[in-house]
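Notes follow once the structure below has been shown.
The values are calculated or read from the model by the stated rules, or taken from the named source; none is laboratory data. The structure presented is a predicted model; accordingly, all values stated were derived computationally and were not measured. Cβ placement follows ideal geometry from the backbone for every residue including glycine, while neighbour counts extend to all protein chains displayed. Remember, those area values only see protein heavy atoms, side chains included, never the ligands or the DNA or RNA. Shrake-Rupley method; radii C 1.70, N 1.55, O 1.52, S 1.80 Å.
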Amino acid sequence: MSSVLSRLLCTILFSSASVSAVAERGLDARDLVALDRVSSPLLSPDGSQLMYALREADVANNRATTGLFIRGLDDGARVRRLNAEGKSASSPSFSPDGSTLYYLSAESGSMQVWSAAVKGGAPKQVTDYPLDVGTYRLSPDGTRLALSFRVHPDCPELKCSTERSAALAAEKASGKTYDQLFVRHWDSWNDGLRNHLYVAELNRGRARGEPQRISRGIDGDVPSVPFGGGDDYAWSPDGRSLVFSARIAGRTEPQSTNFDLFQAEVEGSAAPRNLTPDNPAWDANPLFADDGKTLYYTAMARPGFEADRMAIMALDLVSGERREVAPDWDFSAGALTLHQGELFTTANRLGEHPLFAIKPESGAARVVIGGGNVTGFALQGDTLVFQRDTLIAPAQLFTSTPAGGVERALTDFNRERLADIGMGEFEQFSFEGHGGETVYGFTVKPVGYVEGRKYPVAFIIHGGPQGSMGNSFHYRWNPQTYAARGYGVVFIDFHGSTGYGQAFTDSISQDWGGKPLEDLQKGWAAALKRYDFLDGERACALGASYGGYMVNWIAGQWGEAWDCLVSHAGVFDTRMMGYSTEELWFTEWENGGTVFENPAAYERFNPLLHVDKWNTPMLVIHGQLDYRIPVEQGIAAFAALQRRDIPSQFLYFPDENHWILKPANSIQWHDSVLAWMDRWTKE
């Protein structure tokens with residue numbers, strides 16, 4: 001473990017949060033789905049105006065809309081909506097002079113770029129293309145738009161892609177022949193389209209003519225699929241070129257994480273130039289220095305490993321020399337912002353997700369804002385605005401300075417909705433896990449906790465597996481929904497979790513059922529010893545994705561400890577997972593090769609091989625559109641339970657992917673899980 005991490009471990013504070021003494025009840029799933037969700041804080045160029053997005057749920061109609069709002073930074077400042085009422089908008093950005101806000105909206109029937117005057121007035125449509133605009137970025141001088149579209153790569157113009165897709169949809173035969181993978185990705189089948197990057201000229205506030213393709217000759221997606229966005233590309237300060245991240249892998253795409261950075265000139269027809277050909281792993285998040293001579297970006301070192309550390313790199317665009325900015329900073333960086341000579345980024349650290357500032361010359365890093373989960377921020381001059389949530393509060397916007405220090409809340413969303421809702425107190429704890437190393441976890445007390453009383457327990461296992469569950473407010477796995485039902489909650493950041501140094505993260509690979517299970521067992525024992533309100537005789541273990549896999553593994557290894565289990569989108573057969581998941585690089589890294597090259601690794605921790613020891617009642621949940629861990633994994637687990645006459649249920653969502661996203665489905669999910677737990681711990 002690095003000396004930097006060791007010092008951080010020594011200084012962590014074990015904090016607890018209080019609940020309202022006047023609260024009448026806890027947080028129900030119906031409350032959770034109805035909460036307004038703030039995001040995308042953005043400051044005007046002069047720092048006087050704050051723009052943000054606010055997602056507002058319409059639970060009755062099983063939908064939500066996102067509005068864009070603007071206000072000053074003073075307490076009590078007037079708030080004004082910029083986009084049309086009842087319509088959704090996203091991806092806001094200010095014009096260089098701060099007079100205009102640009103954003104994406106489908107108000108016209110397709111996703112296009114719109115603009116609104118900051119001083120007021122009706123929004124105006126900026127683009128009117130035959131295809132949806134996926135992402136955009138305004139050039140530094142405000143005269144051009146970089147845009148992404150899903151196109152047929154060989155089509156010379158956008159209209160060609162529209163016509164070809166329409167012709168394919170009109171064909172009577174529905175079969176499709178594939179010559180290579182991907183055949184499907186995340187929750188969609190491959191339709192032959194790719195994300196490509198274009199540039200359009202702006203004339204009097206409108207995009208005119210056919211846009212020019214910038215990612216010409218690139219056999220890949222810009223932005224990446226399925227979760228890429230505007231951070232995948234950046235304008236140079238002079239507006240003459242764009243740098244973007246793309247993977248060109250051909251037939252090896254499903255097993256490759258080799259994203260390179262390409263620089264494309266806006267004028268002319270030259271092919272984009274690969275800036276990172278020497279790195280066979282992931283290069284991402286390009287950001288130009290203000291003088292345009294240095295390109296900052298993030299990079300992994302090991303090909304095929306999606307959870308490798310994202311190091312911050314600096315590339316001298318004149319000499320071609322590159323260096324790592326902060327080699328002793330043992331965390332994985334997100335998107336980068338350069339401000340007042342420092343690089344700002346967020347990263348997991350010890351169960352939280354703080355905002356860091358890093359000096360590009362020395363690599364010296366400092367925490368600017370901690371105390372929870374910082375997921376968005378904006379900087380102008382001496383003003384910092386950031387978005388933060390915690391285990392007891394959904395996200396709000398705050399203001400501080402780039403130096404950190406004093407914080408001031410700017411928003412109080414959901415105040416009325418949460419007025420009579422109490423939150424369970426939480427505390428972080430540590431224990432000796434595998435190899436005597438320090439491992440961290442959290443406990444949450446039930447709402448209405450009474451000293452001296454024992455409560456049933458929800459033992460939640462996070463997914464990833466290279467992820468973290470800590471001090472954040474989650475909309476799918478929120479410990480407060482269990483605390484509201486009278487459960488104590490325990491969750492552990494086992495070996496393989498992120499935020500504890502890269503060696504700790506690496507340690508799970510090829511050992512899915514080893515060190516993590518040991519940590520969970522030791523963490524459970526430590527929690528029971530330390531917190532006497534936890535009733536170890538009335539407890540259920542539950543998790544999703546890797547957490548669902550671990551539940552399936554526990555069923556054959558440690559099932560006697562639990563009254564019930566819940567496995568959501570969990571791997572049941574690791575061998576079949578190696579062939580049926582879409583992103584093959586994941587299973588091949590985690591198991592040290594393909595199924596046919598290293599079959600023993602896939603069988604070593606395969607839950608399927610231990611079904612003969614299953615005895616614990618289990619609820620299995622899966623979505624039909626889950627192509628990451630296909631639905632057959634859940635069906636197989638349920639079949640195993642049924643054939644062994646173990647009390648079991650299968651909750652199936654025909655319209656959901658790896659995640660349960662629709663409001664009504666989320667309510668059904670929570671109701672079903674809690675009813676299952678109540679059945680085995682309270683009746």
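Counting just the residues of the range 591-628 that are among the β-branched types (Val, Ile, Thr) and touching a strand residue (DSSP E or B) at 6+ places or on another chain (Cβ under 8 Å), which one comes out nearest to ILE667 (Cα to Cα)?
That would be ILE621.
Give just the number: which of (1) in a loop (DSSP other than H, G, I, E, B); (2) open to solvent by less than 20 Å² (accessible area, probe 1.4 Å) does LEU661 not satisfy?
Condition not satisfied by LEU661: (2).
List every residue pair whose Cβ atoms lie under 6 Å apart, where the two residues are 6 or more positions apart in sequence or sit on different chains, the first residue falls within the range 370-392 and is farther than 12 Å from GLY470 by Cα and open to solvent by 10 Å² or more (accessible area, probe 1.4 Å), and the second residue, located anywhere, is in a loop (DSSP other than H, G, I, E, B) and among the hydroxyl-bearing types (Ser, Thr, Tyr).
Partner pairs satisfying both residue conditions: ASP382/THR401.
Restricting to the range 239-256, name every residue that is under 21 Å from THR135 (Cβ atoms) and not charged (D, E, K, R).
GLY239, SER241, LEU242, VAL243, PHE244, SER245, ALA246, ILE248 - these are the residues of the range 239-256 that are under 21 Å from THR135 (Cβ atoms) and not charged (D, E, K, R).
Suppose we filter the range 532-554 for residues that are farther than 18 Å from VAL444 by Cα and out of contact with any Ser or Thr (no Cβ under 6 Å at 6 or more places or on another chain); how many remain?
Residues that pass the stated criteria total 8.
Condition test on ALA281, is it open to solvent by 20 Å² or more (accessible area, probe 1.4 Å), free of Cβ contacts under 8 Å to residues at least 40 places away in the same chain and either farther than 28 Å from PRO96 by Cα or not polar (S, T, N, Q) (or both)?
no
I want to confirm something. Restricting to the range 472-492 and keeping residues that are open to solvent by less than 10 Å² (accessible area, probe 1.4 Å) and polar (S, T, N, Q), which single residue is nearest to THR681 (Cα to Cα)?
By that ranking, first place goes to THR481.
Checking PHE596 against (1) in a loop (DSSP other than H, G, I, E, B); (2) open to solvent by less than 60 Å² (accessible area, probe 1.4 Å), which test does it fail?
(2)
Output the residues belonging to the range 107-124 that are at negative phi and more than 30 Å from the chain's Cα centre (by Cα).
ALA117, VAL118, LYS119, ALA122, PRO123, LYS124 - these are the residues of the range 107-124 that are at negative phi and more than 30 Å from the chain's Cα centre (by Cα).
Being in a loop (DSSP other than H, G, I, E, B) and touching a strand residue (DSSP E or B) at 6+ places or on another chain (Cβ under 6 Å) is the filter here; which residues of the range 129-155 pass it?
LEU131, VAL133, GLY134, SER139, PRO140, THR143, PRO153
Return the residues of the range 353-365 that are over 15 Å from SER400 (Cα atoms) and outside any loop (DSSP other than H, G, I, E, B); say none if nothing qualifies.
Selection gives HIS353, ILE358, ALA365.
Could you check how many residues of the range 557-589 are out of contact with any Gly (no Cβ under 9 Å at 6 or more places or on another chain), within 19 Å of GLU306 (Cβ to Cβ), in a helix (DSSP H, G or I) and open to solvent by less than 20 Å² (accessible area, probe 1.4 Å)?
Total satisfying the criteria: 3.
Being in contact (Cβ under 8 Å) with a residue 60 or more places away in the chain and within 21 Å of HIS185 (Cα to Cα) is the filter here; which residues of the range 233-274 pass it?
GLY250, ARG251, GLU253, PRO254, GLN255, SER256, THR257
Quick one: SER468 ticks every box in (1) open to solvent by 10 Å² or more (accessible area, probe 1.4 Å); (2) small (Gly, Ala, Ser); (3) out of contact with any Asp or Glu (no Cβ under 6 Å at 6 or more places or on another chain) except a single one, so which number is it?
(3)
When you scan the range 28-41, do you find a residue that is modelled with pLDDT under 95, open to solvent by 30 Å² or more (accessible area, probe 1.4 Å) and not aromatic (Phe, Trp, Tyr), even just one?
no
In this structure, is ARG251 open to solvent by 10 Å² or more (accessible area, probe 1.4 Å) and within 24 Å of the chain's Cα centre (by Cα)?
No; evaluated as a whole, the condition is false for this residue.
Which one is farthest from HIS474 (Cα to Cα) among residues in the range 502-556 that are in a strand (DSSP E or B) and of a type in the set (D, E, K, R)?
The selected residue is GLU537.
Just give me the residues in the range 268-285 being more than 18 Å from SER224 (Cβ to Cβ) and outside any loop (DSSP other than H, G, I, E, B), in sequence order.
Within the range 268-285, ARG273 is the sole residue that qualifies.
Here are some residues: THR346, THR399. Which one is surrounded by fewer than 21 Cβ atoms within 10 Å (Cβ to Cβ), closer than 28 Å to ALA77 by Cβ and among the polar types (S, T, N, Q)?
When all the criteria are applied, what remains is THR399.
Got a sec? Which strands (runs of 3 or more DSSP E) wholly within the range 49-125 have at least 1 residues that are within 22 Å of ALA200 (Cβ to Cβ), in contact (Cβ under 8 Å) with a residue 40 or more places away in the chain and open to solvent by 50 Å² or more (accessible area, probe 1.4 Å)?
Strands (runs of 3 or more DSSP E) meeting the threshold: 89-94.
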